[in-house]
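See below for the structure under consideration.
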Amino acid sequence: MRDLAPVPQSSVQIAARQALDGRRRGIKALLPFVGPAFIASVAYIDPGNYATNIQSGAEFGYHLLWVVLLANVMAMLFQNLSAKLGIATGRNLPELCRREFRRPVSVGMWVVSEVAAMATDLAEFLGATLALNLLLGIPMIVATLVTGVLTYLLLSLDRYGFRALEAAIGVLVAVIALSYLLETGFSHPAWGQVAIHAVVPWLQGPKSVLLTVGIIGATIMPHAVYLHSGLMQDRVPARTAREKRRVHHFELLDVVIAMSLAGLINMAMLYMSAAVFHHGHSGVADITGAYRTLMPLLGDGAAFVFLVSLLASGLSSSTVGTMAGQVIMQGFVGFRIPVWVRRLVTMVPTVIVVALGVDPTMTLVISQVILSLVLPLPMIAVVKFTARKELMGELVNSRLTTAVAVAATGFVLLLNVVLLWQTAGLPLPLLG
């Protein structure tokens, strides 16, 4: 992502070079490579996750935890493939799509990906706006403008090098993680139920299908798949095949750590909702309702922590969404606009939604379904490219990796077909 990380030979890159040369070992060798996956992981704990997880837990209890776990495992796989693509080729996924596909195809992918990016930013912006509205009592339209300013200030940290922005995002992720550690203590989930339903598949009725697709769409994010390749393409330039393998080894550890944390946070969102709302408050279906219900049930502290985590989620994910939008536009069509212009333009849908008084949480859930419908495009592209020896060299996928990735893509496609079938009003007899 050349426009977002232009500083050559930073202290981090020097430390990374020392690790590749064998002059740094153990945790010291890993540290210079930690960061890109944490930026990508923000997409997996954005306000869209809050909306889908709150609804899922309130309505179905712990039953859809298996979807969260499965989606997170698939996210690990595809973020790893995206990062590996950037390391092996020195190009990001949109750039390769523009080079390898016919122009109408790449332009079509760009248009669809921009729609997905707008849906993403809508969810993220709304989440931070809603958090500010509930925390400070300011009007939604004012909260929208404040959110825009705060995210732009976060993006401006990039002028000090990529590490400054990574550190800021890392702090916000830590705030979200700590918040849900506290919420776990407040809510006292049934750990036996958590363990069972994390591994036992369950679907019953059309609403569970909608929320399942929403969870998938909120967890495996199209823009994060595009972005990760951009974050890795020239962060630590590898000069030989051996160095590329070493960089990928370190980045794989980064992916496992970051995505595991994101997965645990996602599961905590759902099991907290299940523990607090499912019995007696299953009608809680939006973020505002969850906040107001938490106050009498678990106290003001739990409600406050919930809003702090939502604000951290909205600010960090909106920042990352803008970064991804830059990679998508520049890669697919070779066109670049200033970050402040993209930040301003992508605020427009949120301003419209707020001005019209549309229900924020339902907007969040629908945005996640849109993302799930768009998701197969980057999944198919990244599998196609990483399976090609002439592109990837020694980092080419094994047959097993390709088979698992194809199966995961097929699963998402199947869910989307079921969703469209349901939307058309056709019966789903196997789901009751």
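One table, with the values for the structure above:
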item: For the range 225-232, Karplus couplings with θ = phi - 60° (6.51, -1.76, 1.60), whole Hz, Gly/Pro x; result: 5, 5, 5, 4, 5, x, 5, 9
item: Burial order of peptide ranges 399-405, 206-212 (average beta-carbon count within 10 Å, highest first); result: 206-212, 399-405
item: Inter-label distance for I257 and V351, nm, one decimal - labels placed 7 Å from Cα along Cα-to-Cβ; result: 4.0
item: Debye, to nearest 20: dipole size of the range 53-126, +1 on Lys, Arg Cβ, -1 on Asp, Glu Cβ; result: 500
item: Dipole of the range 11-431, positive end: most advanced residue of G192, H248, G331 [Cβ charges, Cα centre]; result: H248
item: Phi to ³J(HN,Hα) by Karplus 6.51 cos²θ - 1.76 cosθ + 1.60 over the range 373-387, Hz, x for Gly, Pro; result: 5, 7, 3, x, 4, x, 5, 4, 5, 5, 5, 4, 6, 6, 8
item: Rel. contact order, % - alpha carbon contacts under 8 angstrom, at least six apart, the range 11-431; result: 37
item: Helical mean residue ellipticity (222 nm; -39500 (n - 2.57) per DSSP H run of 4+; nearest 500) of the chain; result: -25500 deg cm²/dmol
item: Length released on extending from A190 to V404, taking residue separation times 0.36 nm less the Cα-Cα span; result: 73.8 nm
item: Positive-end extreme of charge dipole, the range 11-431 - chosen from G205, I27, V308 (charges on Cβ); result: I27
item: Hz values of 3J(HN,Hα) by residue in the range 70-85 - Karplus curve (6.51, -1.76, 1.60), Gly and Pro given as x; result: 4, 4, 5, 5, 5, 4, 4, 4, 6, 5, 5, 4, 5, 4, 4, 4
item: Selected from L85, L413, V351, residue furthest toward positive end of dipole (the chain; charges at beta carbon); result: L85
item: Projected label distance in nm at I138 and R245, using a 7 Å step from Cα toward the beta-carbon; result: 5.4
item: Structure-derived Cα extents along the principal axes in Å: which label, when the choices are (i) 67, 48, 44; (ii) 61, 47, 44; (iii) 67, 43, 37; result: (ii)
item: Magnitude of the charge dipole, the chain, Cβ model with Lys/Arg +1 and Asp/Glu -1, debye to 20; result: 1700
item: Under 5 Å, built H, 5+ apart or other chain: amide partners of R24; result: A19
item: Stretch gain in nm, segment S11-V341, where the contour uses 0.36 nm per residue and the Cα spacing is subtracted; result: 115.8 nm
item: Between the range 178-257 and the range 307-342, the Cα center-to-center distance that results, in Å; result: 19
item: Sorted peptide list for 345-354, 127-136, criterion being average Cβ within 10 angstrom, highest first; result: 127-136, 345-354
item: Net charge of Cβ neighbours under 11 Å - reference L252; Lys, Arg +1; Asp, Glu -1; result: +1
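Every number here is computed from the coordinates shown, using simple stated rules; none is lab data. Model, not experiment: these values are computed from the prediction. Here Cβ is always computed from backbone atoms with ideal geometry, including for glycine, and neighbour counts include all displayed protein chains.
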